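**Student:** Shown below is the structure under consideration.
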Amino acid sequence: MHLRQHPRLISVTVLAACMLLMFMLRLVAPPAHGQTNYSLRFYGNGNNDIDRVKIPLDNPHRFIDVGASDFTIEFWMKANSGVNNSGTCSTGNDAWKGSGPTGNVSYRDGRPTSYPNDPYLVIGAEKHDEDKKRFPSFNGWIDEVRISNVIRYSGDFKRPAQPLNMDSHTMALYHFDEGRGATLRDISGQNDGTIKVGGNPQGPQWSTDNPFTGGGTAPSPTSSPPPPPDVDEFIYVPMVAR
């Protein structure tokens, strides 16, 4: 016997299916705020494991654990005048002037240690919070970190005019464009970092200030006061080692 379905019942079924599909697409779609360029604003608090980003290197082994052979680490940074305890820096002509460390500087897989922060790459602070006077934490902005398993620069270079790209030699790439939350995403999907917020003022904070479009302070997951006025520009820092 052939049963004929009522047209109204078919229409309701199709409508319900379309609504379910739209809801599922909304769940997987990226948030609108992720389309804006951001950076992370550190405040140099540098103690008790706060005001930093921690990226695991081991257990299991991570691709970001370079250093056994050639590698390049490059990033953008910015700081207000006089807030970081360092020697005098001068600008150049974008020419590479020297080399990075030599030898095997990777983290050995399964290495036993009594220091809980050993198997991490830490951005913004000395990973063990050791001697803040000798190893002060960074007070300023960081953006666009790329770690590669190849020497990318061997002579003069031009600063990137847009966010860095990923290629076959990229082991980790962080655009710092999440704009909220406590996770720094690696574009490769292999080496996400955890943002450890704390201190006074609480840092790091998300900021819309970046090397490409400028900006100011973004909404923060904390109730921290806004940073001081920007007085310096972002500079591009590539470090190579062989």
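**Student:** Looking for something at pLDDT 85 or above, under 14 Å from K54 (Cα atoms) and under 21 Å from the mean Cα position of the chain (by Cα) - is there at least one such residue anywhere in segment 147-164?
**Tutor:** no
**Student:** Looking at segment 106-120, I want the residues that are without any contact (Cβ under 8 Å) to a residue 60 or more places away in the chain and have a partner that is assigned to a loop (DSSP other than H, G, I, E, B) and of a type in the set (G, A, S) with Cβ atoms under 9 Å, at least 6 apart or on another chain. Which pairs are those?
**Tutor:** Pairs that qualify, where the first residue is without any contact (Cβ under 8 Å) to a residue 60 or more places away in the chain and the partner is assigned to a loop (DSSP other than H, G, I, E, B) and of a type in the set (G, A, S), are S106/G67; S106/A68; S106/S69; Y107/G67.
**Student:** Anything in segment 128-146 that is over 16 Å from the mean Cα position of the chain (by Cα) and on the phi < 0 side of the Ramachandran plot? List them, or say none.
**Tutor:** H128, E130, K132, K133, R134, F135, P136, S137
**Student:** In addition: If I ask for residues that are modelled with pLDDT under 80 and surrounded by 10 or more Cβ atoms within 10 Å (Cβ to Cβ), which ones from segment 32-66 would you list?
**Tutor:** If the condition is that a residue be modelled with pLDDT under 80 and surrounded by 10 or more Cβ atoms within 10 Å (Cβ to Cβ), then H33, G34, T36 are the ones that fit.
**Student:** Tally time: how many residues in segment 135-194 are out of contact with any Leu (no Cβ under 9 Å at 6 or more places or on another chain), basic (K, R) and either under 15 Å from Y236 (Cα atoms) or not in a loop (DSSP other than H, G, I, E, B) (or both)?
**Tutor:** Number of matching residues: 3.
The values are calculated or read from the model by the stated rules, or taken from the named source; none is laboratory data. Quantities reported herein were computed from a predicted structural model and do not represent experimental measurements. We place every Cβ from the backbone using ideal geometry, glycine too, and count neighbours over all the protein chains shown.
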